1. Could you tell me how many of the residues in segment 230-270 are over 18 Å from TYR9 (Cβ atoms) and crowded, with 24+ Cβ neighbours inside 10 Å?
2. May I ask you to verify whether GLU256 is more than 12 Å from the ligand (Cβ to nearest atom), assigned to a helix (DSSP H, G or I), of a type in the set (D, E, K, R) and at pLDDT 95 or above?
3. Among residues belonging to segment 200-235 that are away from the ligand (no atom under 14 Å from the Cβ) and basic (Lys, Arg), point out the one that is nearest to GLU50 (Cα to Cα).
4. When you go through GLU172, GLU239 one by one, which is the residue that is away from the ligand (no atom under 16 Å from the Cβ), in contact (Cβ under 8 Å) with a residue 60 or more places away in the chain and part of a loop (DSSP other than H, G, I, E, B)?
5. Among the residues that make up segment 33-49, is at least one of them under 23 Å from LEU201 (Cα atoms) and crowded, with 19+ Cβ neighbours inside 10 Å?
6. Quick one: which of GLY17, GLY43 is of a type in the set (Gly, Ala, Ser), within 17 Å of ALA255 (Cα to Cα) and without any contact (Cβ under 8 Å) to a residue 60 or more places away in the chain?
7. List the helices (runs of 4 or more DSSP H) inside segment 62-164, counting only whole elements, that have at least 2 residues being touching a residue at least 40 places away in the same chain (Cβ under 8 Å), under 20 Å from ALA186 (Cβ atoms) and within 18 Å of the chain's Cα centre (by Cα).
8. Does segment 23-37 contain at least one residue that is within 16 Å of the ligand (Cβ to nearest atom), part of a loop (DSSP other than H, G, I, E, B) and in contact (Cβ under 8 Å) with a residue 12 or more places away in the chain?
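The values are calculated or read from the model by the stated rules, or taken from the named source; none is laboratory data. The shown structure was predicted, so the numbers you read here are calculated from the model rather than taken from an experiment. In this analysis, Cβ positions are derived from the backbone assuming ideal geometry, glycine residues included, and neighbour counts consider all displayed protein chains.
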Amino acid sequence: MTTTRDGAYVRRPLIAGNWKMNMDHIQAIALVQKLAWTLDDAGHDYGRVEVSVFPPFTDLRSVQTLVAGDKLSLTYGAQDLSAQDSGAYTGDIPGGFLAKLGCTQVLIGHSERREIHHENDELIHAKIEAALRHQLSPLLCVGEGLQVREAGDHVRHTLAQVEAALQGFTAEQLSELVIAYEPVWAIGTGKTAGPEDAQELAQAIRSKLAELYTAEFADSVRVLYGGSVKSSNVAAILEGADVDGALVGGASLDAEEFAKIAQFEKHITA
Ligand SMILES: O=C(CO)COP(=O)(O)O
């Protein structure tokens, strides 16, 4: 992360929890309540560090009701959306429905969707377009698999994903874009890319954005790291000047652990 001389962050860090296919709507209520209480007890400053959760679709209405009813400062979004707005697309969920549920963000292009659902760059591009039509901030996930990493081709591979996803959009359209670098080999494996790897790719992504748009735009986009992030490693990962937060999978299912991750500043000063 980068701070100004008075200690403010240049880009507001984002700690995002991707629940994947875990937690039904009853469990979701319990988890969000516990997370909110834990963060309140810790005096969490949401204006300084944003915290968001990405529950399954079926939980979103319950999360919306809780967040609105208890006036929580957490933000939330969906893990995917359809590229279409309505029609004969059995099983798909359009952006308009997500916006109605109070979602402000949506994950797009997670490696599990690229791999398991064979989502390609073209579809991911169309999904970003759909998100923008409904004022949802796209949280674009990119990253390489183990083979690509071992071949030393990870930077080129990841930047190609960024370029393909963003092709044709203007900086103005992408003003709320967030990019998460998630090396596939570090997801759910307990292996994290080292803080240097996270910084290397975050910096490369920012340079690519500067090349595609302007330096000013590149400096405004939050770039997260994801892959086996825990409270014990988050502070080191976020030390990278270009790493603006974390996209957390498994550890976001435990309210206390996720709250500790969101409170990473305490680990830095401790
Ligand atoms: O895929 C991830 C977040 O989107 C990372 O998952 P883990 O934190 O469980 O490795």
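1. Within segment 230-270, the first condition is being over 18 Å from TYR9 (Cβ atoms), and the residues that meet it are 230-233, 248-260, 270.
Checking which are crowded, with 24+ Cβ neighbours inside 10 Å leaves us with 248, 252, 258.
Of the residues in segment 230-270, 3 are over 18 Å from TYR9 (Cβ atoms) and crowded, with 24+ Cβ neighbours inside 10 Å.
2. Values: more than 12 Å from the ligand (Cβ to nearest atom): yes; assigned to a helix (DSSP H, G or I): yes; of a type in the set (D, E, K, R): yes; at pLDDT 95 or above: yes.
So GLU256 passes the test.
3. My answer is ARG222.
4. Working: GLU172 fails: in contact (Cβ under 8 Å) with a residue 60 or more places away in the chain.
Of the residues listed, the single one that is away from the ligand (no atom under 16 Å from the Cβ), in contact (Cβ under 8 Å) with a residue 60 or more places away in the chain and part of a loop (DSSP other than H, G, I, E, B) is GLU239.
5. Our first condition is that a residue be under 23 Å from LEU201 (Cα atoms); within segment 33-49, this holds for 49.
With the extra rule that they be crowded, with 19+ Cβ neighbours inside 10 Å, the set shrinks to 49.
Yes: segment 33-49 contains one or more residues that are under 23 Å from LEU201 (Cα atoms) and crowded, with 19+ Cβ neighbours inside 10 Å.
6. Numbers: GLY17 fails: without any contact (Cβ under 8 Å) to a residue 60 or more places away in the chain.
Only one candidate passes the filter, namely GLY43.
7. 111-116
8. Yes: segment 23-37 contains one or more residues that are within 16 Å of the ligand (Cβ to nearest atom), part of a loop (DSSP other than H, G, I, E, B) and in contact (Cβ under 8 Å) with a residue 12 or more places away in the chain.
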